[in-house]
Amino acid sequence: MRIGVLTSGGDCPGLNAVLRAIVRVVERDHAGTVVGFRDAWRGVMEDRWETLDVARCRGILPRGGTILGTSRIQPYATPGGLDLVRAAVDRHRLDGFVVIGGEGSLSCAADLQRDGVPCIGVPKTIDNDVVGTERTFGFDTAVAICSSAIDRLHSTAESHDRVMFVEVMGRHVGHIALHAGVAGGATMTLVPEVPVDAGAVAEAIARRHAGLSYASIVVVAEGATPVPGTIDGIDYAVDQFGHQRLGGISQLLAADLGRRTGIETRVTILGHVQRGGTPTAFDRVLATRFGVAAAEAAAAGEWGVMVGLRAERIVQVPLAEVAGRTRTLDLDLYEQVARRFFAS
Ligand code: F6P
């Protein structure tokens with residue numbers, strides 16, 4: 001058994017834990033070999049790789065980032081990319097690839113599977129927005145980092161009677177914002193799934209602060225957008241892969257609130273600190289379970305699937321069902337645990 005492994009897209013805590021688990025199962029239980037490709041599909045197409053064995057993976061379980069490196073380069077966006085991937089399969093005599101990635105990378109894996117390159121997906125992203133799994137690893141770590149930052153912001157907010165805006169990641173979805181906001185006791189949590197009415201935000205905060213000395217925390221997902229006509233949105237720059245470079249919506253909302261109410265505001269954009277460093281125990285366990293399940297699926301010849309978590313159990317979901325879709329927030333949950341406490 002010989003499998004190629006790659007970590008693709010934005011990094012997230014737990015990637016190394018998946019690699020370690022895959023290598024242990026393949027090497028120890030199936031006497032197989034894991035070929036680790038550098039910088040995702042880029043390394044596959046440029047033939048940059050290393051053999052991953054148990055010795056190489058010692059000590060990496062708690063390490064953030066990925067020992068393989070990552071990139072967003074995809075074969076279908078590269079001239080001759082599919083042929084280069086097929087050539088790598090032949091050259092390394094691979095049974096197939098285990099692709100550890102988010103929605104974009106898993107969609108690519110689904111296309112490759114359709115085109116005859118066997119793939120198994122492992123869902124990774126701090127955003128927790130992959131369809132077919134209730135959790136992606138990395139999410140729990142990101143939420144823990146955000147909620148501990150919010151805890152710290154409470155005390156300084158109270159000292160100055162300020163409204164602190166905290167911007168967290170979440171390109172299309174508000175999972176991190178919702179969980180961090182609830183865990184951190186935020187006054188308001190604004191998510192991409194529900195357009196933001198800046199006037200309503202200002203009114204609610206002004207009501208809460210009326211005549212009293214008060215502090216507020218407003219958690220904003222980076223992908224939140226204003227209701228058209230309330231405030232101007234941001235014209236984000238776009239990177240080479242067509243991804244908008246998000247960041248800054250909280251600054252607009254804070255400035256708007258200050259103008260409307262006269263209340264002093266400050267903004268903290270947590271940014272990539274949410275993706276760095278050691279994974280939580282939960283993420284280490286989940287990443288290990290995903291790695292074991294992906295390696296066992298490869299050993300059993302069960303290609304074309306993504307491993308996922310449903311009701312605490314590891315399941316397999318066809319890659320084709322995952323491709324091109326985003327798991328958005330459960331709006332009932334948002335209503336029940338976030339909106340009902342808004343500015344109360
Ligand atoms: O998809 C994960 C994510 O962390 C998003 O939340 C964020 O918008 C994006 O990646 C940032 O990507 P980059 O590393 O390119 O800045």
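Assorted remarks:
- Basic side chains Lys and Arg get +1 at the Cβ, acidic Asp and Glu get -1 at the Cβ, and with that the dipole of the chain about its Cα centre reaches some 680 debye.
- Dimensions (Å) - the chain, Cα atoms, principal axes, largest first: 72, 38, 31
- Over the stretch 142-276, relative contact order from alpha-carbon pairs under 8 Å, at least 6 apart, %: 34 percent
- Note on residue 134 and residue 114: the extension gain reaches 4.7 nm, defined as 0.36 nm multiplied by sequence separation minus the Cα-Cα distance.
- Given in Å, the Rg to one decimal and the Dmax to the nearest whole number for the Cα atoms of the stretch 142-276 are 14.2, 50.
- Think of each Lys and Arg Cβ as +1 and each Asp and Glu Cβ as -1; about the Cα centre, that makes the dipole of the stretch 1-114 roughly 260 debye.
- Prolate/oblate/rounded label for the stretch 65-197 (Cα gyration tensor, a/c 1.5): prolate
- Crossing angle, helix 198-209 versus the chain [Cα axis fit, 0-90 degrees, rounded to tens]: 60 degrees
- Backbone N within the stretch 161-186 under 11 Å of label point (7 Å from residue 321 Cα along the Cβ vector): none
- Antiparallel bridge percentage (DSSP; both residues within the stretch 15-123; nearest 5): 45 percent
- Between residue 328 and residue 234, residue separation times 0.36 nm minus the direct Cα-Cα distance comes to 31.7 nm.
- For the chain, the longest principal axis of the Cα atoms and the long axis of helix 249-261 meet at an angle of about 10 degrees.
- Residue (of 311, 209, 141) at the positive-pole extreme of the chain, dipole from beta-carbon charges: 141
- Solvent-accessible area assigned to carbon and sulfur over the chain amounts to 48 percent, based on a 1.4 Å probe.
- When the Cα positions of 247, 178, 294 are compared along the charge dipole of the chain, 294 comes out farthest toward the positive end, with charges on each C-beta of Lys, Arg, Asp and Glu.
- If you run the Gaussian network model on the chain, springs between alpha carbon atoms under 10 Å, then out of 116, 248, 36 the most flexible one is 116.
- Helix-only CD estimate at 222 nm, as mean residue ellipticity for the chain, using -39500 (n - 2.57) per DSSP H run (n ≥ 4): -11000 deg cm²/dmol
- Classified by the C-alpha gyration tensor, the stretch 42-116 has a prolate form. Its axis ratio a/c, with a ≥ b ≥ c, is 1.5 or above, and a/b is larger than b/c.
- Within the stretch 142-276, percent of DSSP bridges classed antiparallel, to nearest 5: 5 percent
- Selection among 32, 268, 65 by position relative to the dipole of the chain gives 32 as farthest towards the positive end (Cβ unit charges, Cα centre).
- Taking the Cα centre of the stretch 142-276 as reference, the dipole from Cβ charges on Lys and Arg (+1) and Asp and Glu (-1) amounts to some 200 debye.
- Cα→Cβ-extended label distance, 7 Å offset, between residue 241 and residue 159, nm: 4.0 nm
- Prolate/oblate/rounded label for the stretch 210-344 (Cα gyration tensor, a/c 1.5): prolate
- The stretch 5-110 - accessible surface per residue (Å², probe 1.4 Å): 36 Å²
- Based on protein heavy atoms only, the stretch 142-276 ends up with 44 Å² per residue of surface accessible to a 1.4 Å probe.
- The stretch 1-156: Cα Rg divided by the 2.2 N^0.38 Å rule of thumb: 1.10
- Secondary structure note: in the chain, about 25% of the DSSP beta bridges are antiparallel.
- Residue ranges 186-196, 45-55 sort as 186-196, 45-55 when ordered by packing (mean number of other C-beta atoms within 10 Å per residue, highest first).
The values are calculated or read from the model by the stated rules, or taken from the named source; none is laboratory data. Note that the structure is predicted; figures quoted are calculated from it, not measured. Glycine gets a Cβ as well: all are built from the backbone with ideal geometry, and neighbour counts include every protein chain shown. What goes into the accessible areas is simple: the full protein's heavy atoms, side chains included, and nothing from ligands, DNA or RNA. Shrake-Rupley method; radii C 1.70, N 1.55, O 1.52, S 1.80 Å.
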